[in-house]
């Protein structure tokens, strides 16, 4: 197998045993990027000279018997939204093109402190705000499985780089599926951690140098194997600098040591957001494989109105995203919210109401979210994980129509609103649960399909563990055609 497709865990074993050197591995990945990146435009910021110097230092330290940590000498990339000292963090915005980071983002610092070598940054949509990855600064990123289609967003460059074998480990962020939908579209693994488990300091958006912990948003690992997710999460999980004096993170182990003991709930489709039949069938097939192997599997979901839960999420998302909108934009949203019917569930009206809600209304919405969290907590007393879709469709052709809400996506022969692609991810993200995306097969057209494995709050290792076990049953990541060497 080409070094580009070794898992991070396997490469770390190779590095430790000196079967490969850090500089040798880095140069191999750089050569792969020179060969394959032009077609997909995944890695858009490079830091080759500093990375090569650090890789040489890593090799010298290993020869002296020194260890930098669990990622000693591992080259990797990170999403462009993360600050890497000395490199630009623009979030795809021309207004931030010259914004050079003065320090690493907290998550990046923890990876570097563990010995990682960051040699580049991967592309994002403008302010990480789309299901596709393109911007005026760095251009369009293509899906390695079909370059006429997008890799998802906003961690689209991350997923594309992993699928193309340009990096063994990535770090993304997620407020509306931005780790999960690219993992699904590109056939890789991604983990959306429990909210608050990993510090977001040094991530844009919010504004550069912001200390705010944005509601709903999380940062987490992406990889080509579930064990790599577990490794990276164990390194970056921990309190931010304000909580550091007293808080500690001790993630509990997976709920079970045997697959046969897992109690698995499945919801492959639901009227609140109908899913493409091929995707629903692949989810049911994955669930059947788990059942055949002895797990306790049943169709079940919490006693909640998923449609109402999603609409609540969407309005809270709008409130969160609009915090930095210019005043004229906010005024127009306030007008739209006033004139719209209170019963309207159109995305434009939901967004306007959410963006312009008063603080008191936001507190009420937060109280409603707490009731949803309680329902999920009750649900997980009798179940260990919840299987559900990531997005209702597979990767779709590029569509850069300026009015995002005018775009549509075909599902089972029907044109659906573009915003529906947030439904399954938002349903889980708003209640702050961990979710691991695992590849489960491909459509008849050859496009990858992923599935969310959702776990109880702060029990992130249970969905990651089940993702490992599922890969043993049905296989995991498969390289796209044309990237084997």
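The values are calculated or read from the model by the stated rules, or taken from the named source; none is laboratory data. Because the structure is a prediction, the values reported are computed rather than measured. Counting neighbours? That spans all protein chains shown, and the Cβs are built from the backbone with ideal geometry, glycine included.
May I ask you to say which residue of 394, 348 is at pLDDT 95 or above and out of contact with any strand residue (DSSP E or B) (no Cβ under 8 Å at 6 or more places or on another chain)? After applying the criteria, what remains is 348.
Conditions tested, residue by residue: (1) more than 18 Å from residue 116 (Cβ to Cβ); (2) modelled with pLDDT under 95; (3) surrounded by fewer than 24 Cβ atoms within 10 Å (Cβ to Cβ).
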site: 160; (1), (2), (3): yes, no, no
site: 171; (1), (2), (3): no, no, no
site: 178; (1), (2), (3): yes, no, no
site: 183; (1), (2), (3): yes, no, no
site: 216; (1), (2), (3): yes, no, yes
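Does region 264-279 include one or more residues that are surrounded by fewer than 16 Cβ atoms within 10 Å (Cβ to Cβ), in a loop (DSSP other than H, G, I, E, B) and outside the structural domain of residue 194 (by TED's automatic domain parsing)? Yes, region 264-279 contains at least one residue that is surrounded by fewer than 16 Cβ atoms within 10 Å (Cβ to Cβ), in a loop (DSSP other than H, G, I, E, B) and outside the structural domain of residue 194 (by TED's automatic domain parsing). Take residue 239 and decide whether it is out of contact with any strand residue (DSSP E or B) (no Cβ under 9 Å at 6 or more places or on another chain), closer than 30 Å to residue 354 by Cα, modelled with pLDDT of 95 or more and assigned to a loop (DSSP other than H, G, I, E, B). Here the answer is no, as residue 239 does not meet what is asked.
Each row is one residue, and each column tells you yes or no for (1) under 27 Å from residue 319 (Cα atoms); (2) surrounded by fewer than 24 Cβ atoms within 10 Å (Cβ to Cβ); (3) more than 16 Å from the chain's Cα centre (by Cα).
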{"site": "100", "(1), (2), (3)": "no, yes, yes"}
{"site": "123", "(1), (2), (3)": "yes, no, no"}
{"site": "145", "(1), (2), (3)": "no, no, yes"}
{"site": "186", "(1), (2), (3)": "no, no, no"}
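Which residue out of 211, 231 is modelled with pLDDT under 95 and either over 15 Å from the mean Cα position of the chain (by Cα) or within 19 Å of residue 176 (Cβ to Cβ) (or both)? Please lay out each step first, then the result.
Working: 231 fails: modelled with pLDDT under 95.
Among 211, 231, only 211 is modelled with pLDDT under 95 and either over 15 Å from the mean Cα position of the chain (by Cα) or within 19 Å of residue 176 (Cβ to Cβ) (or both).
Is it the case that residue 210 is surrounded by fewer than 20 Cβ atoms within 10 Å (Cβ to Cβ) and part of a helix (DSSP H, G or I)?
Values: surrounded by fewer than 20 Cβ atoms within 10 Å (Cβ to Cβ): yes; part of a helix (DSSP H, G or I): no.
Spelling it out, it is not the case that residue 210 is surrounded by fewer than 20 Cβ atoms within 10 Å (Cβ to Cβ) and part of a helix (DSSP H, G or I).
Residue count for region 169-200, restricted to those that are over 21 Å from residue 462 (Cα atoms) and assigned to a helix (DSSP H, G or I): 3.
Quick test for you: out of 74, 26, 15, 3, pick the one residue that is buried (at least 16 other Cβ atoms within 10 Å of the Cβ) and within 23 Å of the chain's Cα centre (by Cα).
Details: 26 fails: within 23 Å of the chain's Cα centre (by Cα); 15 fails: within 23 Å of the chain's Cα centre (by Cα); 3 fails: within 23 Å of the chain's Cα centre (by Cα).
From the options 74, 26, 15, 3, the qualifying one is 74.
I'd like the full set of residues that are in a helix (DSSP H, G or I) and in contact with a strand residue (DSSP E or B) (Cβ under 6 Å, 6 or more places away or on another chain), limited to region 430-461. None - no residue of region 430-461 is in a helix (DSSP H, G or I) and in contact with a strand residue (DSSP E or B) (Cβ under 6 Å, 6 or more places away or on another chain), so the list stays empty. Looking across region 288-299, the residues that are surrounded by fewer than 16 Cβ atoms within 10 Å (Cβ to Cβ), touching a strand residue (DSSP E or B) at 6+ places or on another chain (Cβ under 8 Å) and not in a helix (DSSP H, G or I) come down to 296, 298, 299. Scoring residue 285 on the criteria (1) surrounded by fewer than 17 Cβ atoms within 10 Å (Cβ to Cβ); (2) in contact (Cβ under 8 Å) with a residue 60 or more places away in the chain; (3) in a loop (DSSP other than H, G, I, E, B) leaves a single failure, condition (3).
The single residue among 158, 90 that is farther than 22 Å from residue 4 by Cβ and touching a helix residue (DSSP H, G or I) at 6+ places or on another chain (Cβ under 7 Å) turns out to be 90.
Criterion applied to 333, 350 was being surrounded by 12 or more Cβ atoms within 10 Å (Cβ to Cβ) and within 26 Å of the chain's Cα centre (by Cα), and the one residue passing it is 350.
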